[in-house]
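**Q** If you scroll down you'll find the structure; I have some questions about it.
The values are calculated or read from the model by the stated rules, or taken from the named source; none is laboratory data. Just so it is clear, the structure is predicted and the values come from calculations on it, not from any experiment. Every residue, glycine among them, receives a Cβ derived from its backbone with ideal geometry; neighbour counts consider all protein chains shown. The accessibility values were calculated without ligands, DNA or RNA, using every heavy atom of the protein model including side chains. Shrake-Rupley method; radii C 1.70, N 1.55, O 1.52, S 1.80 Å.
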Amino acid sequence: MKKHFTFLYLLGSLSAVAQTNGGQIEQPLGFEEYDPVSTLKVSEHKLTRSKYPFIDIHNHQYSMSNQDLSKLVAEMDALNMGVMVNLSGRGWSQQWEEGTTTIKGMLDNVKKNYPKRFMVFTNPELKGVGSPGYGERAAKQVEEDVKAGAVGMKVYKSLGFSGIKDTDGKRVAVSDPRLDPIWAKCGELGIPVIIHTADPKSFWDPLDRYNERWLELKTHAGRKRGNNDPVPFDSLMKEQHAVFARHPKTKFINAHMGWYPNDLRKLDSLMTRFPNMYVEIGAVIAELGRQPRAAKQFFVKWQDKILFGKDSWVPSEYATYFRVLETEDEYFPYHKKYHAFWRMYGMGLPDEVLKKVYYKNAIKLIPAIDKSQFPE
């Protein structure tokens with residue numbers, strides 16, 4: 001018994017018992033190996049296509065400038081994806097000329113082959129913050145990219161972390177006033193800004209048996225953060241919210257539901273506080289699927305401000321999103337155990353709410369999308 005409790009104490013390790021020649025031999029079984037098959041018998045609706053055509057507002061296609069888009073379109077068609085928004089217009093480059101070449105190649109490829117199926121966002125140049133005239137130059141870049149065909153701007157999570165430094169070698173805060181010309185220009189141009197700030201709060205919490213993201217942090221050790229790496233979670237969030245407050249005329253799409261999908265009361269307060277803030281559900285469907293009643297209430301209340309997003313391009317994983325949003329299925333697995341060892345439940349959203357999340361809200365934010373591809 002003492003040994004059994006020791007296993008439980010050591011991060012949830014379990015023990016299995018096997019029969020051999022009439023005796024019993026205890027075999028250790030780690031938590032990450034434990035993967036029981038449910039014996040629950042309930043209705044199942046394993047969807048592979050969405051009920052309505054949808055717009056994925058959060059996708060990344062870094063080689064779009066020279067890739068054959070026909071294969072990508074075929075995969076989109078299988079899912080019933082009407083439009084993909086590629087947020088990586090300038091790739092990862094922080095060099096003006098290189099980034100311009102990349103986004104020009106993407107826009108040309110889309111225009112030539114599938115102009116109705118893809119939208120491209122630009123990315124701000126964050127190199128040289130603090131140099132003379134930086135803000136005006138960066139804002140000008142956004143304006144030129146929009147003239148070339150970009151329909152929005154994506155801000156990577158590197159802003160706010162230690163990787164983005166100013167000319168004095170200091171961390172550039174999300175709310176750094178030297179970036180204000182960029183946010184203001186997006187508002188002036190009427191383009192949305194999708195911004196990713198921070199990581200799940202659990203990444204800052206102690207890596208112990210109480211941390212429900214323990215398995216993810218064990219298998220992806222580089223995701224663990226400390227209070228000084230670079231600052232606490234709450235500090236990064238306050239920086240982001242300060243930007244929303246200072247730029248009420250700019251529409252911000254808070255990526256990953258602002259990392260508050262596990263605290264919908266907090267997110268509700270932010271939605272109320274910032275009328276210019278929208279959210280998308282990329283990489284957080286596991287949080288919604290474990291609280292279907294509360295999540296449904298939230299979606300119904302904020303149905304005009306929620307967009308569909310996925311983030312990583314793994315077509316098979318969209319099935320989880322469809323099932324959580326559309327069905328009332330019970331107790332089904334998530335597609336990545338290290339993200340969520342718990343089971344999912346469907347919200348069963350009403351059709352009108354579903355249509356808004358799938359495509360209507362995105363069309364309002366991005367008028368360049370051809371709405372004739374979607375139902376009324």
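**Q** Could you pull the Cα extents of region 103-145 along its three principal axes, largest to smallest, in whole Å?
**A** 40, 14, 13 Å, listed from the longest principal axis down.
**Q** Computing the accessible area with a 1.4 Å probe over protein heavy atoms, can you report the carbon and sulfur percentage for region 263-376?
**A** Working: 2370 of 4670 Å².
Solvent-exposed carbon and sulfur of region 263-376 make up 51 percent of the total.
**Q** Sticking with this structure for a sec: Please list, by residue number, everything in region 95-121 whose backbone N is under 19 Å from a paramagnetic label point 7 Å out along Cα→Cβ of S70.
**A** Residues 108-118 fall inside that zone.
**Q** Follow-up. Over the C-alpha atoms of region 186-322, what are the Rg and the largest Cα-to-Cα span, Dmax, in Å?
**A** Rg then Dmax for region 186-322, in Å: 15.6, 49.
**Q** Another question, if that's okay. First measure r as the distance between the Cβ atoms of D351 and S93, then evaluate 1/(1 + (r/R0)^6) with R0 = 45 Å and state the FRET efficiency to the nearest 0.05. Don't skip to the answer; put the middle values down first.
**A** Working: r = 42 Å, r/R0 = 0.94.
Calculated transfer efficiency: 0.60.
**Q** To the nearest 20 debye, what charge dipole does region 209-356 have about its Cα centre, counting +1 at the Cβ of each Lys and Arg and -1 at the Cβ of each Asp and Glu? Working shown, then result.
**A** Numbers: 25 positive and 18 negative charges, 85 e Å.
Result for region 209-356 is approximately 400 debye, rounded to the nearest 20.
**Q** Suppose a student asked you for the relative contact order of the chain, using Cα pairs under 8 Å spaced at least 6 residues apart; what percent would you report? Kindly include the intermediate steps, with their values, before the conclusion.
**A** Details: 652 pairs, mean separation 60.9, N = 376.
Across the chain, relative contact order equals 16 percent.
**Q** Please work out how much length the chain gains when fully extended from K140 to V37, using 0.36 nm per residue of separation minus the C-alpha to C-alpha distance, in nm with one decimal.
**A** Values: separation 103, 0.36 × 103 = 37.08 nm, distance 5.58 nm.
Additional length available on full extension: 31.5 nm.
**Q** Mind checking the dipole of the chain: about its Cα centre, +1 per Lys or Arg Cβ, -1 per Asp or Glu Cβ, Debye to the nearest 20?
**A** Numbers: 53 positive and 45 negative charges, 91 e Å.
It comes to approximately 440 debye.
**Q** Over the Cα atoms of region 103-211, each weighted equally, I'd like the Debye log10 I(q)/I(0) at q = 0.18, 0.19, 0.22 Å⁻¹, rounded to two decimals.
**A** -0.91, -0.98, -1.16
**Q** Among R223, R213, what's the order by accessible area (1.4 angstrom probe), most exposed first?
**A** Working: R223 85, R213 30 Å².
The residues order as R223, R213, largest area first.
**Q** Which order do W302, W96 take when ranked by solvent-accessible area (1.4 Å probe, heavy atoms of all protein chains), largest first?
**A** My answer, sorted largest first, is W96, W302.
**Q** Roughly how tilted is helix 69-79, in degrees to the nearest 10 and between 0 and 90, from the longest Cα axis of the chain?
**A** In the chain, helix 69-79 runs at an angle near 50 degrees to the longest axis.
**Q** What share of all Cα pairs of region 117-178, in percent, falls into each consecutive 10 Å distance bin?
**A** Per 10 Å bin, starting at zero, the Cα-Cα P(r) for region 117-178 comes out as 22, 48, 26, 5, 0 percent.
**Q** Continuing with this model, one more query. Please determine, in degrees from 0 to 90 and to the nearest 10, the orientation of helix 96-113 with respect to the longest principal axis defined by the Cα atoms of the chain, where the helix direction is its Cα long axis.
**A** Here the helix axis deviates by roughly 80 degrees.
**Q** Same structure, new question: Between D180 and K371, what is the FRET efficiency for a Förster distance of 41 Å, r being their Cβ-Cβ separation, to the nearest 0.05? The partial results should precede the final answer.
**A** Numbers: r = 33 Å, r/R0 = 0.80.
With a Förster radius of 41 Å, E is 0.80.
**Q** Using protein chains only and a probe of 1.4 angstrom, how many square angstrom of D77 are accessible, to the nearest 10?
**A** About 70 Å², rounded to the nearest 10.
**Q** Could I ask something else about it? With the crude spin-label approximation of a point 7 Å out along Cα→Cβ, what separation in nm comes out for L29 versus A242?
**A** 5.1
**Q** For the chain, what is the mean residue ellipticity at 222 nm derived from helices alone (per DSSP H run of n ≥ 4: -39500 (n - 2.57); sum divided by total residues; nearest 500 deg cm²/dmol)? Can you show the working numbers first?
**A** Details: 13 runs with 126 residues, N = 376.
After summing the helix terms and dividing by the residues of the chain, the value is -9500 deg cm²/dmol.
**Q** How large is the accessible surface of H241 in square angstrom, using a 1.4 angstrom probe and rounding to the nearest 10?
**A** Taking all protein chains as shown, H241 has close to 10 Å².
**Q** Related question: Calculate, in whole percent, how much of the Cα-Cα pair population of region 158-250 lies beyond 18 Å.
**A** Working: 2242 of 4278 pairs.
Summing the P(r) of region 158-250 above 18 Å gives 52 percent of all pairs.
**Q** Let me ask something else. Which whole-angstrom value gives the distance between the alpha carbon centres of region 327-351 and region 70-146?
**A** 33
**Q** Suppose accessible area is computed on protein heavy atoms with a 1.4 Å probe; arrange V110, V37 from highest to lowest.
**A** On the way: V110 10, V37 130 Å².
Largest to smallest exposure gives the sequence V37, V110.
**Q** I'm checking a number: the convex hull volume of the Cα atoms of region 22-95, normalised per residue, in Å³. What is it?
**A** Values: hull volume 17.2 nm³, N = 74.
Looking at region 22-95, the number lands at 232 Å³ per residue.
**Q** What percent does the relative contact order of region 223-376 come to when contacts are Cα pairs within less than 8 Å and at least six residues apart? Don't jump to the answer; show the numbers that get you there.
**A** Numbers: 185 pairs, mean separation 28.8, N = 154.
Reported relative contact order: 19 percent.
**Q** Given the protein chains as shown and a 1.4 Å probe, how many square angstrom of F121 are accessible, to the nearest 10?
**A** Result for F121: roughly 0 Å² accessible.
**Q** Evaluate Rg over Rh across the chain, taking Cα atoms for both radii and Kirkwood's formula for Rh.
**A** Details: Rg = 22.4 Å, Rh = 22.3 Å.
Result: Rg/Rh = 1.01.
**Q** Tilt of helix 292-301 relative to the longest C-alpha principal axis of the chain, in degrees (0 to 90, nearest 10)?
**A** Roughly 20 degrees, rounded to the nearest 10.
**Q** Over all Cα pairs of region 65-109, how is the pair count split among 5 Å bins, expressed in % and running from 0 up to the last occupied bin?
**A** 5, 21, 24, 21, 14, 9, 5, 1
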